[in-house]
Amino acid sequence: MALETKIYQKENNKSIFKLLGESLKDTYQSLFLARQLAVRDIKAQYRQSYLGILWAFITPLTTALVWIFLNSSGTIKLTDTGISYAFYAFSGALIWSILTEALKSPITSTVAAKSIMSKINFPKEALIVSGIFKMLFNTAIKVIILVVFLFVFKIELSWSLAFFPLVILGLAIFATTIGLFITPLGLLYKDVSKAIPIILQLLMYMTPVVYAIPKTGIMKTIMEANPLTPLVLNARNVFVGLELQFVEYSLWVIGISVPLFFISLVFYRVSIPIIVERMSA
Amino acid sequence: MEKDLLIRVENVSKKFCKDLKLSLWYGVKDLASNLSGNKTQRKLRPKEFWAVKSINFELRRGECLGLIGHNGAGKSTLLKLLNGLIQPDEGKITIRGRVGALIELGAGFNPILTGRENIYNNGAVLGFTKEEIDSKIEKIIEFSEIRDFIDSPVQNYSSGMKVRLGFAVAAQMEPDVLIIDEVLAVGDLGFVLKCFKTIDVMLPNTAVVFVSHNMPMVSRICNTIILMERGEAVFQGEDVSKGIDSYYNKFMTSDDSNLVYSDDTVSLVSASVEGVTPVDSVYNVKWGTSIRLSFKLKNIGLDKMPYISLAVYDKEQRAVAEIYPEGQDLKSIEKDRVIGFSFSLKNLYLSKGIYYLTFNASEEPSFNMYYKIHKAITIKIEHDKQMWTPFLLDSKLISTTI
């Protein structure tokens, strides 16, 4: 049997395609590890808590409740959303939470595995994939809740619901790509992971999450330029069967994020040894 | 048939930075230069040093390399380079085959989950497939000897139990290259022995790199050795015992005698081996010969002769023997005089190596200590055989029957 040969050196003579190939191969081979890590974390998380799964969606639900209260009490005046505001807010907050989770996932999984990374050599892609698995698990729960809401708010089921997973996938790829690019820096400096929630909070208000795009004004311009807008908006639209908006922009965003996703995967792969060195030095 | 060459290390160097903030900033720079392929030569930047410098070696299947050296000599860094966790700043490492590392046991354990679940976690991290673990799980539980607790959460395990479980999983690896750091020190004696038995079984089919401070162990399993100091290989070769000797010699520099206790009633003026000229304050003595030890003791406040006893320590500060010279007459003496002692020591059957004599003066044997000094005399026993036991007893064949 031929033995696999590994070469470690400073120079990196491999082309990006070769690296991507290796990365994808490792990803495929480490699926069991990724699954194992995801199951481990999910089990451990719920075994030590009574509310368990509830925690996966309690934050977005409270955010939505606050906004529903603000709106219904007349404290603020929002642009008409076209559907029941309560459902608009709930669905927006849940979709947004899927996005933030996907974005934070690479850095959270990698930080959690710091101690193993500096001692054992295993395909680090498994960490990313396990993060994706955990995100999918939580997303599934959120989608179930959304479906329940569909019935609660008596919204008719639409055939376009079938496209919902596709849009969510686009959203997740976009967010994971950004997450992968910031992970190496985030592992060096704690500032990054501290800043992420704050920036995401700000971004949320520049995206039609809990309110629709205003008819006029500066916010209209910002929201329409924001690449997250078409993703979040259309995720909700296909879910309830509304007409798609910013179709061309959506396709652009997703079309660019797919190649970027592969580049970010390679970037992550080549950066890890440098990070491990600085962590353990 | 020539055995497979599994590890080739060519001129490998690695540098580290002493300052954390600066280190992180260099990390950012390295991230950037990494993207352009790292073609330029690396020089030391401010506050950097070579943690590993210009290491070369080759290892074939069935060979075992011992890496020894002080703490911070660069051994663990070299292991990390070999394991591919970090990249060299210079040089090239080529490794063939499946690599197993006994560096951390029980990686991937989650304390909340049960031992059984964690076998899967740990196994997955070590690169096993689900089918492999399924088929080995009974063997793993058997080996760990903690079947009764296998379904309780790992957080209730003692540290020794965790190590047992971790090693039981790791022992199932069938690596071509095995990297062992000092992980086996934990666990009770029975388990440590079991671990080494497992490693012994793996040895002939693997190329092993073994880091340890346990010299008898190194001399037992290694057939080639590298002594590292400040990142460099100061000794390298197949003469394992010579390498270990130079390792011990690194500690010889602080060889002054040290006073452990004194109640200021007596003090040692001089100590020597009669008729032997010391070389660097070490007295060379041939194995099996008889010697005379001479001491001069200044009496400051005693009016009765003190009882003198000696103890022998080896290089690792293990007590090897005690000496209670007979015929001491504890008669009354005058103050402020120097007393000379001369003791015979017959047929020294200590094995080859360095030994230290500790000098004790007390009122009675093992009672009311006046004075105790370590390394009063350093002797070096000369013999052509290297031993790992402190004594080489005198023996001859008398007859054989067929």
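The criterion of being among the aliphatic types (A, V, I, L, M) and at pLDDT below 90 does not hold for residue A:94.
Put simply, of A:253, A:258, A:266, A:232 the only residue that is part of a helix (DSSP H, G or I), within 14 Å of chain B (Cβ to nearest Cβ) and β-branched (Val, Ile, Thr) is A:266. For residue A:44, the conditions (1) within 13 Å of chain B (Cβ to nearest Cβ); (2) more than 23 Å from residue B:122 (Cβ to Cβ); (3) among the small types (Gly, Ala, Ser) all hold with the exception of (2). All conditions in (1) touching a helix residue (DSSP H, G or I) at 6+ places or on another chain (Cβ under 7 Å); (2) at pLDDT below 85 hold for residue A:60, with the sole exception of (2). For the range B:41-59, residues that are outside any loop (DSSP other than H, G, I, E, B) and over 24 Å from the mean Cα position of the chain (by Cα) total 2.
Tell me the residue from B:74, B:127, B:106, B:123 that is within 30 Å of residue B:9 (Cα to Cα) and in contact with a strand residue (DSSP E or B) (Cβ under 7 Å, 6 or more places away or on another chain), please. Among B:74, B:127, B:106, B:123, only B:74 is within 30 Å of residue B:9 (Cα to Cα) and in contact with a strand residue (DSSP E or B) (Cβ under 7 Å, 6 or more places away or on another chain). On inspection, residue A:147 does not qualify as under 15 Å from residue A:94 (Cβ atoms) and outside any helix (DSSP H, G or I). From the list B:381, B:377, B:354, B:373, the lone residue that is assigned to a strand (DSSP E or B), on the phi < 0 side of the Ramachandran plot and touching a helix residue (DSSP H, G or I) at 6+ places or on another chain (Cβ under 9 Å) is B:354.
Can you name the residue in the range B:317-352 that is small (Gly, Ala, Ser) and without any contact (Cβ under 8 Å) to a residue 40 or more places away in the chain and, of all such residues, is surrounded by the most Cβ atoms within 10 Å (Cβ to Cβ)? Write out each step before concluding.
Applying the first criterion (small (Gly, Ala, Ser)) to the range B:317-352 yields B:319, B:321, B:327, B:332, B:340, B:342, B:344, B:351.
Filter again for without any contact (Cβ under 8 Å) to a residue 40 or more places away in the chain, leaving B:319, B:327, B:332.
On the way: B:319: 11, B:327: 5, B:332: 8.
Restricting to residues being small (Gly, Ala, Ser) and without any contact (Cβ under 8 Å) to a residue 40 or more places away in the chain, the top hit is B:319.
Within the range B:90-107, the only residue that satisfies the criterion of being under 10 Å from residue A:119 (Cβ atoms) and either touching a Pro at 6+ places or on another chain (Cβ under 6 Å) or among the charged types (D, E, K, R) (or both) is B:104. Residue count for the range A:13-30, restricted to those that are within 11 Å of chain B (Cβ to nearest Cβ) and out of contact with any helix residue (DSSP H, G or I) (no Cβ under 7 Å at 6 or more places or on another chain): 4.
Residues that are at the interface with chain A (Cβ under 7 Å from one of its Cβ atoms) and under 17 Å from residue A:39 (Cβ atoms) were ranked within the range B:88-116; the one that is surrounded by the fewest Cβ atoms within 10 Å (Cβ to Cβ) is B:112. Looking across the range B:136-168, just one residue is within 19 Å of residue B:198 (Cα to Cα), within 14 Å of another protein chain (Cβ to nearest Cβ) and over 32 Å from the mean Cα position of the chain (by Cα), and that is B:137.
When you check residue B:79 against the structure, is it touching a Pro at 6+ places or on another chain (Cβ under 8 Å) and more than 8 Å from every other protein chain (Cβ to nearest Cβ), yes or no? Judged against the criteria, residue B:79 is not a match. Scanning the range B:110-150 for residues that are touching a helix residue (DSSP H, G or I) at 6+ places or on another chain (Cβ under 6 Å) and either in contact (Cβ under 8 Å) with a residue 60 or more places away in the chain or charged (D, E, K, R) (or both) turns up B:130, B:147.
Check every one of the helices (runs of 4 or more DSSP H) wholly within the range B:189-252 and list those with 2 or more residues that are β-branched (Val, Ile, Thr) and over 16 Å from residue B:79 (Cβ atoms). It would help to see each step written out before you state the result.
On the way: elements: B:189-202, B:215-221, B:240-250.
It comes to B:189-202, B:240-250.
Output yes when any residue across the range A:115-122 is more than 14 Å from chain B (Cβ to nearest Cβ) and either in a loop (DSSP other than H, G, I, E, B) or under 18 Å from the mean Cα position of the chain (by Cα) (or both), and no when none is. No, because not a single residue in the range A:115-122 is more than 14 Å from chain B (Cβ to nearest Cβ) and either in a loop (DSSP other than H, G, I, E, B) or under 18 Å from the mean Cα position of the chain (by Cα) (or both).
In the list A:178, A:173, A:141, A:155, which residue meets the criterion of being closer than 27 Å to residue A:79 by Cα and either at pLDDT 90 or above or touching a helix residue (DSSP H, G or I) at 6+ places or on another chain (Cβ under 7 Å) (or both)? If you could, list the steps in order and put the result at the bottom.
Numbers: A:178 fails: closer than 27 Å to residue A:79 by Cα; A:173 fails: closer than 27 Å to residue A:79 by Cα; A:141 fails: closer than 27 Å to residue A:79 by Cα.
Result of the check over A:178, A:173, A:141, A:155: A:155.
Residue B:31 meets the stated requirement of being surrounded by 15 or more Cβ atoms within 10 Å (Cβ to Cβ), facing chain A (nearest Cβ under 10 Å) and closer than 23 Å to residue A:14 by Cβ. Tallying residues that are among the polar types (S, T, N, Q), more than 24 Å from the chain's Cα centre (by Cα) and surrounded by fewer than 21 Cβ atoms within 10 Å (Cβ to Cβ) within the range B:69-87 yields 0.
All conditions in (1) part of a loop (DSSP other than H, G, I, E, B); (2) polar (S, T, N, Q); (3) over 20 Å from residue A:118 (Cβ atoms) hold for residue B:71, with the sole exception of (3).
Applying the criterion of being over 17 Å from the mean Cα position of the chain (by Cα) and in contact (Cβ under 8 Å) with a residue 24 or more places away in the chain to the residues of the range A:193-227, the residue that is surrounded by the fewest Cβ atoms within 10 Å (Cβ to Cβ) is A:215.
The values are calculated or read from the model by the stated rules, or taken from the named source; none is laboratory data. Just so it is clear, the structure is predicted and the values come from calculations on it, not from any experiment. Please note: Cβ atoms are built from the backbone with ideal geometry, for glycine as well, and neighbour counts cover all protein chains shown.
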